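Beneath this line is the structure, given in structure tokens, with notes to follow.
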Amino acid sequence: MVAGQDHSAANLALNDLCRKYWRPIYAFARHRGCTPHDAEDVTQGYFAKLLERDYIQRAHQNRGRFRAFLVHDFKYFLSNHEGKARAEKRGGNASFIPLDVAWAESRHEPADPVAVDAEAYFDRQWALEIVRHAKADVAADYDQQGKKALFDSLQSGLVSTPDAATYAVWEGRLGINTNALKTALSRLRDRFRSALEAQILETVANEEDLKAEMRHLRQALAQA
């Protein structure tokens, strides 16, 4: 991906969004039948081209459309074979962000391209990345507060309701009674929800769009 020579706050913010969105784009390419090598090339080529065009600025100005804009624009990019036939050469004034393909492959969810809608597949990968980044932010906060052990134990409660046996394990591990653990888990869930909203707020313009994208996030995750 191209960082370019413009270090303005706006361009840096857009570049950061591309850093966060590269894996869903890579996964989409894999879903469409690209090999890992070709998926890496088209992902690099697409974001390099995207950051040089006015399209990304317009998408950013219409922030609520950024997710939908990306998947539709990338579909057009692939359909014209620009990723392979006109891939940007690496070097010159362009600096590319390394893509950890091995890591992306470890998270790859094989899906039948015929049976699974490509856009729905992209949305699920997008949702998983939003969750991953939000969780990382919360983990960092807890670590800074000296509460890493608390986060490490309670994080499973973000996706499932702990039973009595789970609370007993946590009590033994942390030396905290069940009532205090329930309060701590409630606070962790609130913090995680705020972190999810913060991630989405980077690409929406108002509260209404935020609520819509949060609903879309939940729906995409439910496709597992």
* Structure fact -> So, over other residues within a Cβ distance under 14 Å of Ala180, counting Lys, Arg +1 and Asp, Glu -1, the net charge is +3
* **Rounded to whole Hz, the Karplus (6.51, -1.76, 1.60) HN-Hα couplings of the range 190-197, x for glycine and proline** => 5, 5, 5, 4, 5, 5, 4, 5
* Asked: Quick one: Karplus J couplings for the range 174-189, per residue in order, coefficients 6.51, -1.76, 1.60, θ = phi - 60°, nearest Hz, x for Gly and Pro?
  -> 9, x, 10, 6, 4, 4, 5, 5, 5, 5, 5, 5, 4, 5, 5, 5
* Asked: How fast does the range 111-224 diffuse by Stokes-Einstein, in µm²/s, taking the Kirkwood radius from C-alpha pairs at 4 °C and 1.567 mPa s?
  -> 82
* 19 Å Cα-Cα threshold exceeded, pairs from Lys20/Lys135; Lys147/Lys182; Lys75/Lys135; Lys49/Lys135; Lys20/Lys148 -> Lys75/Lys135; Lys49/Lys135; Lys20/Lys148
* With θ set to phi - 60°, apply the Karplus curve 6.51 cos²θ - 1.76 cosθ + 1.60 along the range 119-129 and write out the HN-Hα couplings as whole Hz, x wherever there is a Gly or Pro. => 5, 5, 5, 4, 4, 5, 5, 4, 4, 4, 5
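Read-outs throughout are calculated quantities, based only on the coordinates presented, and are distinct from any laboratory measurement. Since we're looking at a predicted model, the values are computed, not measured. No Cβ is skipped: glycine too gets one built from the backbone with ideal geometry, and neighbour counts run over all protein chains shown.
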